[in-house]
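The values are calculated or read from the model by the stated rules, or taken from the named source; none is laboratory data. Nothing here was measured: the structure is a model prediction, and the numbers come from that model. Note that each Cβ is placed from the backbone with ideal geometry, even for glycine, and that neighbours are counted across all protein chains shown.
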Amino acid sequence: MSFPLTHIPVKAGIWQTAEYTDRPRLSTQRHRNQLDYRREQAYDDRQLVMMRRASSILIGMLALIPVMLMACGGSAIPNRIAVLETSLGTVKFKLYENGAPVTTANFIKLAERGFYDGLIFHRVIDDFVVQGGDPLGTGKGGSEETIRLAINKALTHTDGAVAMARSSAPDSASSQFYICDGPQHGLDGKYAVFGQVIEGMDVVRTIAAVATDANDKPLENVVMTRVYIESP
């Protein structure tokens, strides 16, 4: 039985005429289709794997952003500002709400209820710290509760750093805090830094330089007339 003729390539640019049967042609075409499908499927599979890997990497990087911001005291959420109006001037410091959530929450709660209004800086040491927040004014008082020690190693005692004071017991911090007059890195890892002065560092220097008695208490009271929280 005779079948139609067709031209098939022998090599580039040269053609010859030959007879063929439907069965071999169909079989060959089916085979080619299967090979093409398998190649396409393999390519799609590789693309899918690469996309999944890329997605996993991207998700992992996105997940690290809040952690990195917290570690640096950055802004996963906007950090609020503490305003200290004192008898010698106004000091403002940024609260590291992301990097020190436990400590800042305690300070904000006390400030918002007016706890600090009228209290004094009871401990003042030039080139070291100015400390206040004790309702007794002696360094032995605090609020009605304490908080756990939550140190963020990325937040250190730089010039103008604000940190919580405490006794020798780690989880004894309550309401007393101090502001560094100059960098005090010998305190790193021992006390929880939770803020940084952004305005009024000259006022901190002025407070640190006042005359004091043998217990480092100012001879004339330096009063926090009003302490409040404002949005950035």
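Under 7 Å between Cβ atoms, which residue pairs at least 6 apart in sequence (or on different chains) link something in segment 164-184 that is closer than 19 Å to Glu144 by Cα with a partner that is basic (Lys, Arg)?
From segment 164-184, the pairs are Asp171/Arg148; Ser172/Arg166; Ala173/Arg166.
Within segment 128-140, can one find any residue that is under 29 Å from the mean Cα position of the chain (by Cα) and of a type in the set (S, T, N, Q)?
Step one: list which residues in segment 128-140 are under 29 Å from the mean Cα position of the chain (by Cα), which gives 128-133.
When the remaining residues are screened for being of a type in the set (S, T, N, Q), the result is 131.
Looking through segment 128-140, at least one residue is under 29 Å from the mean Cα position of the chain (by Cα) and of a type in the set (S, T, N, Q).
Taking the stated definitions as given, is Asn98 in the same structural domain as Ser172 (by TED's automatic domain parsing), surrounded by 17 or more Cβ atoms within 10 Å (Cβ to Cβ) and out of contact with any strand residue (DSSP E or B) (no Cβ under 9 Å at 6 or more places or on another chain)?
For Asn98, the condition - in the same structural domain as Ser172 (by TED's automatic domain parsing), surrounded by 17 or more Cβ atoms within 10 Å (Cβ to Cβ) and out of contact with any strand residue (DSSP E or B) (no Cβ under 9 Å at 6 or more places or on another chain) - is met.
Please enumerate the residues belonging to segment 184-203 that are surrounded by fewer than 16 Cβ atoms within 10 Å (Cβ to Cβ) and over 24 Å from Val223 (Cα atoms).
Hits for segment 184-203 are His185, Gly186, Gly189, Lys190.
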